[in-house]
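Report on one structure; see the data block that follows.
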Amino acid sequence: MEPTERSVGRWVVEAQAQFDAVVAAEQRVEPRDWMPEAYRATLVRQIAQHAHSEIIGMQPEGNWLTRAPSLRRKAILLAKAQDEAGHGLYLYAAAETLGVDRAELTEKLVDGRQKYSSIFNYPTLTFADVGVIGWLVDGAAICNQVPLCRCSYGPYARAMVRICKEESFHQRQGYELLMTLMAGTDAQRAMVQDAVDRWWWPSLMMFGPPDGASPNSERSMAWRIKRHSNDELRQRFVDMTVPQAEHLGVLLPDPELAWNAERGSWDFGEPDWSELQQVIKGHGPCNAQRIERRRAAHEGGAWVREAASAYAAKQAAREGSSG
Amino acid sequence: MEPTERSVGRWVVEAQAQFDAVVAAEQRVEPRDWMPEAYRATLVRQIAQHAHSEIIGMQPEGNWLTRAPSLRRKAILLAKAQDEAGHGLYLYAAAETLGVDRAELTEKLVDGRQKYSSIFNYPTLTFADVGVIGWLVDGAAICNQVPLCRCSYGPYARAMVRICKEESFHQRQGYELLMTLMAGTDAQRAMVQDAVDRWWWPSLMMFGPPDGASPNSERSMAWRIKRHSNDELRQRFVDMTVPQAEHLGVLLPDPELAWNAERGSWDFGEPDWSELQQVIKGHGPCNAQRIERRRAAHEGGAWVREAASAYAAKQAAREGSSG
Amino acid sequence: PADLAAYCLMLGDDALVLSQRLIQWITRAPELEEEVALANLGLDLLGQARRLLTRAGQLDGSGRGEDELAYWREESAYRNVRLVELENGDFAHCVVRLLLFATAREELYRRLADHADPVLSAVAALGVKELAYHREYASSWTVRLGDGTEESHRRMRAALDALWPWLEELFTPHEVELRLGVDPLPLREPVLASLERVLAEATLPLPAAPGRAYVNGRAGRHGVHTEAMGPLLAELQVVARAHPGATW
Amino acid sequence: PADLAAYCLMLGDDALVLSQRLIQWITRAPELEEEVALANLGLDLLGQARRLLTRAGQLDGSGRGEDELAYWREESAYRNVRLVELENGDFAHCVVRLLLFATAREELYRRLADHADPVLSAVAALGVKELAYHREYASSWTVRLGDGTEESHRRMRAALDALWPWLEELFTPHEVELRLGVDPLPLREPVLASLERVLAEATLPLPAAPGRAYVNGRAGRHGVHTEAMGPLLAELQVVARAHPGATW
């Protein structure tokens, strides 16, 4: 029996109520559950962007894999790159539960229709950048991502649990590298300070524009995808990072940084949002380079993927005819 | 009036006599003169091989252009590479006077139908190799080439005059580099000795197989293309080089090297002809790499050459229609 | 003299780094005539670099010679614009980079030819002739490739898109330039006009992309480079650094 | 112990240099799963290299650690075979090199697993499992690419033609191996038999090309490498050498 228009209408209303109740009760929405189209679209966009960020994020640090100055650091960095590729795989798999496929998302990445985190459009210029990325960039990512472990969409939340655990490990390794360098030669200490000078402001910008300029936040909060405003997370990151910087012995490049006893928090200056805007629009120092590398790998690997498919088809045919 | 068969026959006999007389009188055969087909073919093969050697010979030293350890040495090496490209151009032009064209010769080089000097199938492993190539390889080349300045074929002889002058300059620069290194640190002296150990025997092999095993030599001598046997030139090179090695303070890696007062020459050991045979057959350390580089440049540059032709054709058409 | 030393370093590093990129073309050019020409351009730039670095070492009081400056400075002490350090691409990329750089540098040298510093003015006076040849060489290839085949046109557009955003840095004044009275901003208009003429003849559109962002306000002139710079210097410096104190 | 130290260096350098070549694939692989797998193979080889270099430094009495050996030896002191140092090509080249190396190294480790030296035998015992996985990975890609499309078949043949001539060096005994009683020549037959099986399944012909000539009787095991080795080491060592005595 075909459902009538009215029965479909009633079914949607009930499904929406069910969805709202699940979300409000902090339960998980699963792939087979009904969900509003806008919720699905928001998640696809966010998970894809997150997956792309893991994969593009392999490039700035990967730049130092072949040059790591000790074999132990080389092994650590290589294991981290491997983890990031793994994170990308989990996240693309989570996105696939929403009815998109990885190849399609990769196409959208390489032709610029989907974004990745702008932080990766800055260059890594010394080996200290590897440590600072672990400390500041992974640190900021963790601030952003820990709340996502309780995201309303089940597959994304579960992927984030695993990812956050590994990210924390990476962050500790980054900080440990910086501690080693700060206990080293003058040149090593100078490398660390220079890297902090370059990465501090871009790290703060990882939390997105100020709350007043962040249009989609409210709905994402209602859906329990997002749980804190950009400015809240930024403040949390600053408060967490300032004592770590002191312990390291590096200076954060912000003359306005000051303890505010009243708020029980650190006051800090305003990032250069115009530079961030340039980077977001594609004119950052490394935007073209990052996409080009990913595109070259993807397109250069097409013959390999085609060969694998052709072989699988031949095998299936052979098994079919012999079975 | 059509010439009869008999008149053609007589004409050829007369032309041959004329050619023989010119050659015997140490005069020059010029492009428009009649010449025996075998003479022409021998010259094409030899000049092409010589041109190819200039171009392929840019690679072993070119390997150090970006790494030359002083700006002065970088400039010297770059000027030398430029000279070699220039020598290749003269020599291809000389070959073209015999009715072949450069593109055709390049095709024959990259698909292995024509050879270049086997010496360039050895790798350059330190900056001292640059000096040793100048001293030994250019030195051996000069021994081979000086007699060619009196070659019976005019365009080749004239190209050789210019080339030999520049080669001597390169050889002096190579020797001067080695003198500098031998006056330097222990590591620099060790680099020179190591390079001499690797290049000495291949340099001796540049004169070709022993006279008994060199089938085409006699005819080339009659034609005044070649003037000395392989073994004569090899002896001349050894006699010239031994005192230079002593002056440098390097050891030539041949325990049989000894002054023969009777002959007034240096006795020396037998090169490993089986290794040379491997290299000549294409299995040397760098054969595949050298040809591949040349092939990649040639094929990778096809679109540039096509564009230049297309533009020239358009320009000609535009001038035709406006003129 | 500290400012003038810093300025000589900027210009010297531009020349040295672009020369190194040209040198990487040797044995890889599309035609033997181009091997000869690119070596020639590389030699010109290398010569300019040697004179400018030598002058910088005299002026800054450090007593460093050209080799000490070329081989023993680290990346953050190199002051070239980022345009010259970017990795080589295809021959179109080579031609476009030469066109952009040579057009701008010829214009600059023309103005520096009567500079008060005798070395800088001498480098500029000779350099203006060399750069005019470089610009001519690049222009003639730009026209041939732009107005050649469909493929060469497509490659030229891709090279223009890739390189144009790095041009702006050549016109963006550094404080040293402002203090010395050699603000490069006035070069912008004549350079763009010249490029527009060449591109028009080459049937290529003038790109409109804005310049590449700096990193917290810093770029090549402040020692903040691209990821292409580290490997370039590693290659340039490896032999010299393996033998500290040696003479070559 | 000097011979055993030299032997550990040979095997350690093979692993270190091939690991470096695999690492260069990261962010360039044809699929994310391959990024993960190649990193994994690189980590295995890097681990073997670290243990073998450390052992070499203990045995040769020099007191050098893994980093001193990796970062401060010059090219002529590196003892790897030339196969592992050749520049990366396409993914077929990567697969074929892995196939050749892993097949030979698994066979060798199997025989070294009961070597008298406890470190060497431990590396071999663990390594034989790791290399079996590497060989499996390379074999499965060899079959898929050899028996995939026309293009993949063509690329595999080109890679085999390019790499096969370097295989022989792995079976050519060095005097150190002869003195230690670890002549690699007996590996040749089983390795070729194994390769023949994989290539047959992959519909690829067994190449017949002879080995690449040595230079006056010397090759990788004697420190006489190819022109690919210098740039590889320059990259590997550049940061460490810029900071002598530093800890990382």
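The values are calculated or read from the model by the stated rules, or taken from the named source; none is laboratory data. None of these values were measured; they are calculated from a predicted model. Cβ sites come from the backbone with ideal geometry, for glycine too, and all protein chains shown count toward neighbours.
Filter the range A:91-135 down to the residues that are without any contact (Cβ under 8 Å) to a residue 40 or more places away in the chain and among the small types (G, A, S) and list them by number. The one that is without any contact (Cβ under 8 Å) to a residue 40 or more places away in the chain and among the small types (G, A, S): A:A103. Among the criteria (1) in contact (Cβ under 8 Å) with a residue 40 or more places away in the chain; (2) away from chain C (no Cβ under 14 Å); (3) of a type outside the set (D, E), the one B:M221 does not fulfil is (1). Of all the criteria given as (1) in a helix (DSSP H, G or I); (2) at the interface with chain A (Cβ under 9 Å from one of its Cβ atoms); (3) among the hydrophobic types (A, V, I, L, M, F, W, C), the one not satisfied by D:L99 is (2).
Which pairs turn up if I take residues in the range A:308-321 that are at the interface with chain D (Cβ under 10 Å from one of its Cβ atoms) and look for partners that are at pLDDT 95 or above with beta carbon separation below 6 Å, at least 6 apart in sequence or on another chain? These pairs meet every condition: A:A308/D:R144; A:A310/D:G148; A:A310/D:T149; A:Y311/D:R144; A:Y311/D:D147; A:Y311/D:G148. On the stretch given as the range D:170-179, residues that are surrounded by fewer than 20 Cβ atoms within 10 Å (Cβ to Cβ) and part of a helix (DSSP H, G or I) total 6.
Identify, please: which residue in the range B:170-183 is within 21 Å of B:A141 (Cα to Cα) and surrounded by 15 or more Cβ atoms within 10 Å (Cβ to Cβ) and is, among those, farthest from the other protein chains (Cβ to nearest Cβ)? First the steps, then the outcome.
Step one: of the range B:170-183, the residues within 21 Å of B:A141 (Cα to Cα) are B:170-179.
From the residues that got through so far, the ones that are surrounded by 15 or more Cβ atoms within 10 Å (Cβ to Cβ) too are B:170-171, B:173-175, B:177-179.
Details: B:H170: 14, B:Q171: 18, B:Q173: 12, B:G174: 13, B:Y175: 14, B:L177: 8, B:L178: 11, B:M179: 11 Å.
This residue is B:Q171.
Just so you know, in the range D:9-30 the residues that are among the charged types (D, E, K, R) and over 28 Å from A:I56 (Cα atoms) include one that is farthest from the other protein chains (Cβ to nearest Cβ), and it is D:D14. Among the residues here, D:F91 qualifies as within 12 Å of chain A (Cβ to nearest Cβ) and crowded, with 23+ Cβ neighbours inside 10 Å.
Might you check whether a residue that is in contact (Cβ under 8 Å) with a residue 24 or more places away in the chain, basic (K, R) and within 10 Å of chain D (Cβ to nearest Cβ) occurs anywhere in the range A:41-54? No, every residue in the range A:41-54 fails to be in contact (Cβ under 8 Å) with a residue 24 or more places away in the chain, basic (K, R) and within 10 Å of chain D (Cβ to nearest Cβ).
The single condition from (1) modelled with pLDDT under 95; (2) away from every other protein chain (no Cβ under 12 Å) that B:A258 fails is (1). Evaluation of C:D183 against the conditions (1) among the charged types (D, E, K, R); (2) within 14 Å of chain B (Cβ to nearest Cβ); (3) touching a Pro at 6+ places or on another chain (Cβ under 8 Å) shows that the sole unmet condition is (2).
Residues checked against (1) among the polar types (S, T, N, Q); (2) touching a Phe, Trp or Tyr at 6+ places or on another chain (Cβ under 7 Å); (3) under 30 Å from D:L86 (Cβ atoms); (4) modelled with pLDDT under 95:
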site	(1), (2), (3), (4)
B:P215	no, no, no, yes
B:V242	no, yes, no, no
B:V250	no, no, no, no
B:P271	no, yes, yes, yes
B:L276	no, no, yes, yes
B:S322	yes, no, no, yes
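Evaluation of A:L233 against the conditions (1) among the aliphatic types (A, V, I, L, M); (2) in contact (Cβ under 8 Å) with a residue 12 or more places away in the chain; (3) over 16 Å from A:C143 (Cα atoms) shows that the sole unmet condition is (3).
This table checks each residue for (1) within 19 Å of the chain's Cα centre (by Cα); (2) at positive phi; (3) of a type in the set (F, W, Y).
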residue: A:V196; (1), (2), (3): no, no, no
residue: A:W199; (1), (2), (3): yes, no, yes
residue: A:M206; (1), (2), (3): yes, no, no
residue: A:W223; (1), (2), (3): no, no, yes
residue: A:S229; (1), (2), (3): yes, no, no
residue: A:R234; (1), (2), (3): yes, no, no
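Taken over the range C:194-226, residues that are surrounded by fewer than 20 Cβ atoms within 10 Å (Cβ to Cβ), assigned to a loop (DSSP other than H, G, I, E, B) and away from chain B (no Cβ under 14 Å) amount to 10. Of all residues in the range B:282-292, none are of a type in the set (A, V, I, L, M, F, W, C), under 22 Å from the mean Cα position of the chain (by Cα) and more than 14 Å from every other protein chain (Cβ to nearest Cβ). Among the candidates D:V143, D:V123, D:V119, D:V182, the residue that is in a loop (DSSP other than H, G, I, E, B) and either more than 16 Å from the chain's Cα centre (by Cα) or touching a residue at least 40 places away in the same chain (Cβ under 8 Å) (or both) is uniquely D:V182. Scanning the range D:55-81 for residues that are within 13 Å of another protein chain (Cβ to nearest Cβ), of a type in the set (D, E, K, R), part of a helix (DSSP H, G or I) and surrounded by 15 or more Cβ atoms within 10 Å (Cβ to Cβ) returns D:E66, D:D67, D:E75. Of all the listed residues (B:D211, B:D186), the sole one being on the phi < 0 side of the Ramachandran plot, in contact (Cβ under 8 Å) with a residue 12 or more places away in the chain and surrounded by fewer than 22 Cβ atoms within 10 Å (Cβ to Cβ) is B:D211.
Within the range D:141-162, is even one residue away from chain A (no Cβ under 14 Å) and buried (at least 16 other Cβ atoms within 10 Å of the Cβ)? Scanning the range D:141-162, I find at least one residue that is away from chain A (no Cβ under 14 Å) and buried (at least 16 other Cβ atoms within 10 Å of the Cβ), so the answer is yes.
Residues that are at pLDDT 90 or above, within 13 Å of chain C (Cβ to nearest Cβ) and surrounded by 14 or more Cβ atoms within 10 Å (Cβ to Cβ) are absent from the range A:227-236. Pairs meeting the criteria (first residue in the range B:273-290 and farther than 16 Å from B:D111 by Cβ, second residue at pLDDT 90 or above and basic (K, R), beta carbons under 7 Å, at least 6 apart or on different chains) are B:H283/D:R212; B:P285/D:R212. Going through (1) within 16 Å of the chain's Cα centre (by Cα); (2) over 23 Å from B:Q289 (Cα atoms); (3) not charged (D, E, K, R) one by one, D:W166 falls short only on (2).
Go through the range A:46-159 and tell me which helices (runs of 4 or more DSSP H), entirely inside it, have 2 or more residues that are among the acidic types (D, E) and over 14 Å from the mean Cα position of the chain (by Cα).
Working: elements: A:58-62, A:71-96, A:102-110, A:128-132, A:138-145.
Filter on the range A:46-159 gives A:102-110.
So which residues in the range D:227-243 are in a loop (DSSP other than H, G, I, E, B) and more than 7 Å from every other protein chain (Cβ to nearest Cβ)? It would help to see each step written out before you state the result.
In the first step, residues of the range D:227-243 are kept if they are in a loop (DSSP other than H, G, I, E, B); the result is D:227-228, D:243.
Across the range D:227-243, the qualifying residue is only D:A228.
Being without any contact (Cβ under 8 Å) to a residue 40 or more places away in the chain and under 16 Å from the mean Cα position of the chain (by Cα) is the filter here; which residues of the range C:23-44 pass it?
From the range C:23-44, those without any contact (Cβ under 8 Å) to a residue 40 or more places away in the chain are C:23, C:26-28, C:31-33, C:35-36, C:39-40, C:42-43; that's our starting set.
Selection gives C:I23, C:A39, C:N40, C:G42, C:L43.
So if I check each of A:A68, A:A81, which one is touching a residue at least 40 places away in the same chain (Cβ under 8 Å), at the interface with chain D (Cβ under 10 Å from one of its Cβ atoms) and of a type in the set (G, A, S)?
On the way: A:A81 fails: touching a residue at least 40 places away in the same chain (Cβ under 8 Å).
Exactly one residue qualifies, and that residue is A:A68.
Selection of the range B:198-208 for residues being surrounded by 21 or more Cβ atoms within 10 Å (Cβ to Cβ) and more than 14 Å from chain D (Cβ to nearest Cβ) yields B:M206, B:F207.
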